[in-house]
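One structure below.
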Amino acid sequence: MLRPEWVLILATVLWGTSWLPLQWFAGQGIDGFPMVLASYGLIALVALPLLYWQRAGWWQQRWGLVGIVLFGGWANAALLSSLSLAEDLVRVMLLFYLAPVWGVLGGWLLLCERLTALRIAALVLALGGIGLTLGVNAQTFASLTAIDWLALSAGLGFALNNLATRAADRVPMLSKTVAAFVGSSLFAGAACLLFAKGLPALAPTIWLWIALFAVGWLLLATLGAQYGVTHLEASRAAVLVVFELIAAVLSVAWFNDEVIAPRTWLGAGMVTLAAVMAGWPERSPVQLTRRLS
């Protein structure tokens, strides 16, 4: 049996460095929602028959699966679009990585989870890290670009997708994995129609690379993440997912030969620590007493 910790770390590294192929495809003439439609659409063509085949396994929890289609689909579509269009990649990843904040708030509001002192501290730390990176003033929200809002909404969608995944606990893992690809394709197709952006004319070799990226990168990363989250405690998985942000920041600094400002490093560190704190397991007094006795 594969070690779920290492599988999840590999998946998060793939997600954290996905900006590399996305920026390369942008240089070849395809980016944003058309890129999402091209890559996720290929997998969605296979996903629909699979979902129909497993319909007996997810029908009783169909609303949970619908949540994955909507929230997971938007999260993937918005994140990939923002990464392929962004010039400041670290900024995009930091805005997306407010997902732990939304996750804690969502668990409190929707699932009646306890809002402990540790989790409140994590919220404050994460917001402080983002504020330090963006610079907090009266014009902060006005200065957010469309790409920034895509990244922010992707983090919110990701957190809601996690809540939907927990609600759909009896849905087969394969169905949960491919459902987000269907949702991403639907959102990307709708955005392309809304903004009148069709798929560009590309060389056959570029389409082959897109297919390889979809199957060998996106699908592998999604399957790995689902496998790791399914076989690990939620708190432990939340801590390991932090490797995505670390991989993103380090790869941008290395491959882009980009000088990252000290306040950005500090902000990234604060957001990373907040994510670890948000996912840290809380021990009840009974558990603590048992451990000490």
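Things to note:
- Look at the stretch 1-28: where a residue is on the phi < 0 side of the Ramachandran plot and open to solvent by 30 Å² or more (accessible area, probe 1.4 Å) and a partner is in a helix (DSSP H, G or I) and among the β-branched types (Val, Ile, Thr), sitting 6+ places away or on another chain with Cβ atoms under 9 Å, you get Val13/Ile246; Gln28/Ile206.
- Residues of the stretch 160-196 satisfying the condition of being touching a Gly at 6+ places or on another chain (Cβ under 7 Å) and more than 28 Å from Leu232 (Cβ to Cβ): Ser185, Leu186, Phe187, Cys192
- Residue that is surrounded by 19 or more Cβ atoms within 10 Å (Cβ to Cβ) and over 19 Å from Val252 (Cβ atoms), where the choices are Trp58, Trp63: Trp58
- Being within 15 Å of the chain's Cα centre (by Cα), surrounded by 13 or more Cβ atoms within 10 Å (Cβ to Cβ), among the aromatic types (Phe, Trp, Tyr) and modelled with pLDDT of 90 or more is a condition met by no residue of the stretch 239-250.
- Condition met for Ala38 (surrounded by 18 or more Cβ atoms within 10 Å (Cβ to Cβ) and either among the aliphatic types (A, V, I, L, M) or in contact (Cβ under 8 Å) with a residue 12 or more places away in the chain (or both)): yes
- Residues that are open to solvent by 40 Å² or more (accessible area, probe 1.4 Å), modelled with pLDDT of 80 or more and under 30 Å from Trp58 (Cα atoms), drawn from the stretch 125-166: Leu156, Phe158, Leu160
- Taking the criterion of being out of contact with any helix residue (DSSP H, G or I) (no Cβ under 8 Å at 6 or more places or on another chain) and part of a helix (DSSP H, G or I), the only residue of the stretch 1-23 that qualifies is Trp6.
- The single condition among (1) part of a helix (DSSP H, G or I); (2) within 28 Å of Leu266 (Cβ to Cβ) that Leu115 does not satisfy is (1).
- Any pair with Cβ under 8 angstrom, 6 or more apart, that starts in the stretch 49-73 at a residue that is touching a residue at least 24 places away in the same chain (Cβ under 8 Å) and ends at one that is of a type in the set (A, V, I, L, M) and open to solvent by 80 Å² or more (accessible area, probe 1.4 Å): Val69/Leu186; Gly73/Leu186
The values are calculated or read from the model by the stated rules, or taken from the named source; none is laboratory data. These numbers were taken from a predicted model, which means no experiment stands behind them. Virtual Cβ from ideal backbone geometry, glycine too; neighbours counted across all protein chains shown. For the accessible areas, the whole protein counts, side chains as well, though only heavy atoms, and no ligand, DNA or RNA atoms are used. Shrake-Rupley method; radii C 1.70, N 1.55, O 1.52, S 1.80 Å.
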